[in-house]
Structures are given as structure tokens and as C-alpha cells.
Amino acid sequence: MKSLLRFLPLLIVWLLLLELFSFTLIYFGTGRLTFLTVQKSETESGEPQDAIQEGKSARGAARYVPHPYYGYTFEPGYRFTGRVRPRTLVANSQGFLGDEHPSGADKSVYNVFITGGSVARNFFINEQEQLEKRLASLINESSEAAGEQNATKKKVRVYSLAQGGWKQPQQLNAVSQLLLQGSQIDLLINIDGYNEVAHVFANYKIRRLTPIYPVFWKEQMRRRLSSASKLLIGEIQMIKNVEEIISSIGSNSTLAHSQTIRLLSLAGQSYLEKRRMRTEAALQSSQDDESFAATGKVENLSEKQLGQVAIDIWAEASEQIASLSKGRFSYLHVLQPHQYYGKKTLTSRERESAYDPEHTRSKAVAEFYPEMRKRFAALAVSPNQRLDASVLFDDEERTVFIDTCCHFNLVGHEALLNQILEAIKKQN
């Protein structure tokens with residue numbers, strides 16, 4: 001017992017020296033006095049790091065499933081909450097948000113379908129109720145003005161035929177399929193333009209896809225996992241599990257005060273992170289599919305040629321939809337606004353969080369939207385079937401855009417709704 005007591009001060013000295021050594025390594029490695037803080041696995045916003053990473057993938061291809069005609073849709077039953085208006089909708093049996101699409105004809109109901117990419121989808125989420133209400137008043141007032149005093153007032157039902165990332169000819173394919181299924185379309189509103197250029201360039205320059213392919217097609221093809229990919233996914237998950245264990249040890253309120261425990265925790269996390277990154281790179285490589293099914297025929301095109309191809313695909317598909325509408329339904333084609341074209345003076349908030357002029361997509365739409373706008377005016381469709389909203393926000397001083405893509409807040413959606421209703425009024 002005495003000998004143990006004699007070595008106890010020496011043991012304490014050695015432990016203090018070890019703690020000091022660990023503290024010195026951590027300080028010079030991180031530049032922080034780590035004993036002043038308890039390590040957390042959250043960001044400054046309070047959101048866990050892994051949640052942010054999962055969120056990024058969830059906002060892309062991971063939320064969709066392949067479709068033989070549309071390229072991809074939501075998984076039926078998928079729950080989606082809007083960013084601007086916190087409204088949660090569930091994907092129907094066809095993979096579109098909201099109610100099931102109607103089958104057969106019903107003269108007492110006026111069916112409106114909104115098609116396009118994420119701007120069209122968001123417009124549906126945010127303005128469905130207002131569009132139904134205001135359009136019902138417009139239609140019934142027009143009937144009364146035409147002398148149809150005994151006409152039954154129609155109910156307006158608005159449905160989504162839009163998916164994030166969609167570009168022509170996906171809208172054309174969706175409308176064709178809807179008609180084949182026998183759905184009653186009374187009015188089709190097609191909101192597009194941005195994706196038709198931006199995603200063609202993203203497909204070709206980033207994903208190496210043929211211009212006409214859906215933007216997330218390569219990611220959908222990766223769902224065909226090989227045995228090697230499955231093993232790598234299992235290894236990544238195992239590494240993540242070990243990372244969580246080590247992180248919990250390092251952030252434990254009691255153990256976190258030990259600089260030695262902190263040093264071992266940081267060293268372990270660093271090693272596992274590097275191993276996970278190598279494994280994820282191997283998984284990415286194993287999933288790269290350059291087959292015709294995954295990429296289509298990729299030709300060597302200049303940027304000018306690629307822009308022309310993009311506009312040609314969009315214009316031809318747009319005219320095909322107009323042809324389908326003849327004798328069947330009313331049609332309104334809307335050329336959407338975005339922050340890379342027009343004269344809107346961006347607010348400080350927009351410049352900080354909703355403007356990235358150097359991105360491949362941004363450069364493409366900035367360069368080719370003027371040409372697209374000229375083609376829009378020359379489309380072989382009736383003039384009252386076109387609504388050029390590309391400069392809708394030119395005189396708007398308030399913040400409209402909410403991200404670097406093309407999405408806008410309620411100020412933008414309400415302005416677009418007003419213009420669309422004015423255009424429909426002219427048709428009637």
C-alpha cells in the first residue's frame with residue numbers, strides 16, 4: 001500500500017503530462033482551445049452534419065424512381081413538404097404530388113393540369129387553392145356573360161403533372177400518356193424554359209449524357225447495383241456506425257474533459273473519414289455506367305451547338321403539345337422567369353444566397369435565354385397560348401428568388417399566378 005502511494009504522485013504527473021501533450025497536439029492541429037467547448041456533431045445552425053449530407057442527396061435523384069415513359073417520378077406515397085409554403089403533399093399512384101388524376105369525362109368539373117419542372121411543381125404546391133378559386137370565378141363569370149344563365153357552375157380541380165428537374169420532352173411524354181389513359185384535360189399550363197437549357201448543359205458537361213435524356217437518368221440507372229457495389233455500401237455503413245460510436249465517446253460530457261480521450265477520438269474520426277471517402281470514391285467508380293442505356297449517344301458538340309440542340313428539342317416538343325391540344329383542351333405555355341435573364345435589380349439577400357453566375361447552368365441560361373425568347377415568340381402556336389413571363393420581375397424591388405437555381409418565394413408565385421389568370425382570361 002505504501003509503495004502504491006509512493007508511485008501515485010508520479011502517475012498523476014505522467015497523466016498530466018499526457019494530457020498536456022494531447023492538448024498541444026489538438027491545439028496545433030485544430031487551432032482551437034478545445035477544453036473550452038464540448039465537441040458536437042452539429043453545424044452552427046443546429047443541424048447534424050450527416051443530416052445535411054443526406055438532405056443534399058434527398059433533394060436530387062434519391063427521391064425519385066425510374067419510369068418507362070417519364071424518365072422518373074416520385075415514388076407513389078412519397079411525402080413532400082414545400083419550402084415556401086410548408087404544405088405536405090403525398091405522391092399519387094402515378095408519382096405526382098396531390099390527388100389522383102381523374103379518369104373519364106365529367107362536364108361539371110374543369111380539370112387543370114400544371115406541367116414542367118420544379119418551378120411548375122412549386123407553383124402547384126403554393127397556388128393550387130388560389131388558382132382553383134379564382135379560375136372557377138373566371139370561368140363561371142364568362143359563362144354568364146355569354147348568356148348561359150342556366151349553365152351549371154363548374155368546379156375547378158388543379159392537378160400536378162410536374163417533377164423537379166423535368167425538361168422537354170418529358171412534359172410532352174406525360175401529356176401524351178395522360179390522354180392515352182383517358183384523363184379529361186380542360187386546361188394545360190406548361191411552365192418551362194430554364195431546365196430546357198440548364199439541364200441540357202448539366203447533362204452534357206457534368207454528367208456526360210446525351211442532351212435529350214432526363215437530368216437524373218444516370219443516377220436512376222445506378223439503382224442496378226452490382227455485388228461489388230453492395231459490398232462497398234455495407235462497408236460505408238459499417239464505417240459510419242463506428243464513426244458515430246467514436247463521436248459519442250469524444251463528446252461525452254465526462255470523457256470530453258480528457259484531452260487524451262479527445263485526441264484519440266479525433267485521430268479515430270480522421271482515419272475513418274479518410275477510409276470512408278476512399279470507399280465512397282470506389283463506390284462511385286463502380287457505379288459509373290457509360291453504356292448507351294445510361295448515357296445515350298454522346299456526340300462532341302460546341303457550346304453553341306449544344307445550346308441550339310437544347311432550344312430545338314424544347315421548341316419541337318412545345319409545338320407537339322400545342323398540336324395535341326387542338327380540339328381537346330385549352331393550352332397555355334409559360335416561359336418562366338429566373339435571375340440570370342432580365343433587368344431585375346437583385347436585393348442584397350438575393351445576391352448573397354440566390355445568385356451564382358459562374359455555375360454551368362447559370363452561364364448557359366444567361367447566354368441562350370435571349371435566343372429561346374425569340375423562338376418562343378415564333379412558335380407555331382396561337383399567340384394567346386403563349387405567355388412570356390421571362391421579364392416578370394424586372395420592376396420588382398422585393399426579394400423574389402430563394403436559391404441559385406430559379407425558384408422563388410410567395411411574392412414571385414403570386415405575381416406569376418396573376419399573369420397566368422390574365423392570360424387565361426384573354427383565351428376565354
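The values are calculated or read from the model by the stated rules, or taken from the named source; none is laboratory data. What you see is a predicted model; the values in this text were computed from it and never measured. Reconstructed Cβ throughout: ideal geometry from the backbone, glycine too, with neighbour counts over all protein chains shown.
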Which listed residue, of 89, 131, 138, is assigned to a helix (DSSP H, G or I), at pLDDT 95 or above, touching a helix residue (DSSP H, G or I) at 6+ places or on another chain (Cβ under 7 Å) and assigned by TED's automatic domain parsing to the domain that holds residue 325: 131
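Residue-wise test of (1) hydrophobic (A, V, I, L, M, F, W, C); (2) closer than 30 Å to residue 302 by Cα; (3) part of a loop (DSSP other than H, G, I, E, B).
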residue: 368; (1), (2), (3): yes, yes, no
residue: 403; (1), (2), (3): no, yes, yes
residue: 411; (1), (2), (3): yes, no, no
residue: 414; (1), (2), (3): no, no, no
residue: 417; (1), (2), (3): yes, no, no
residue: 420; (1), (2), (3): yes, no, no
residue: 423; (1), (2), (3): yes, no, no
Could you list, in sequence order, all residues of the stretch 329-357 that are loosely packed, with under 14 Cβ neighbours inside 10 Å and either in contact with an Asp or Glu (Cβ under 8 Å, 6 or more places away or on another chain) or part of a loop (DSSP other than H, G, I, E, B) (or both)? 343, 345, 353, 357
Need pairs with beta-carbon distance below 6 Å; first residue outside the structural domain of residue 360 (by TED's automatic domain parsing) and under 27 Å from residue 366 (Cα atoms) and within the stretch 402-428, second small (Gly, Ala, Ser) and crowded, with 17+ Cβ neighbours inside 10 Å; sequence gap 6+ or separate chains. none
Residue 289 - would you say it is modelled with pLDDT under 95, of a type outside the set (Phe, Trp, Tyr) and out of contact with any Asp or Glu (no Cβ under 9 Å at 6 or more places or on another chain)? yes
Across the stretch 388-407, which residue is nearest to residue 117 (Cα to Cα) among those that are surrounded by fewer than 17 Cβ atoms within 10 Å (Cβ to Cβ) and touching a Pro at 6+ places or on another chain (Cβ under 9 Å)? 391
Quick check: anything in the stretch 284-293 surrounded by 14 or more Cβ atoms within 10 Å (Cβ to Cβ) and hydroxyl-bearing (Ser, Thr, Tyr)? yes
Hey, any hits in the stretch 93-112 for a residue that's surrounded by fewer than 11 Cβ atoms within 10 Å (Cβ to Cβ), within 18 Å of the chain's Cα centre (by Cα) and free of Cβ contacts under 8 Å to residues at least 24 places away in the same chain? no
Which of the residues belonging to the stretch 152-205 are in a strand (DSSP E or B) and either under 22 Å from the mean Cα position of the chain (by Cα) or polar (S, T, N, Q) (or both)? 158, 159, 160, 161, 162, 183, 189, 190, 191, 192
Is it the case that the stretch 69-81 has a residue that's more than 19 Å from residue 175 (Cα to Cα), assigned by TED's automatic domain parsing to the domain that holds residue 167, in a loop (DSSP other than H, G, I, E, B) and among the basic types (Lys, Arg)? no
List the residue pairs whose Cβ atoms are under 7 Å apart, where the first residue sits in the stretch 321-340 and is farther than 30 Å from residue 404 by Cβ, the second is surrounded by 17 or more Cβ atoms within 10 Å (Cβ to Cβ) and of a type in the set (Asp, Glu), and the two are 6 or more positions apart or on different chains. 329/186; 330/186
State the number of residues belonging to the stretch 329-364 that are closer than 19 Å to residue 379 by Cα and among the β-branched types (Val, Ile, Thr). 1
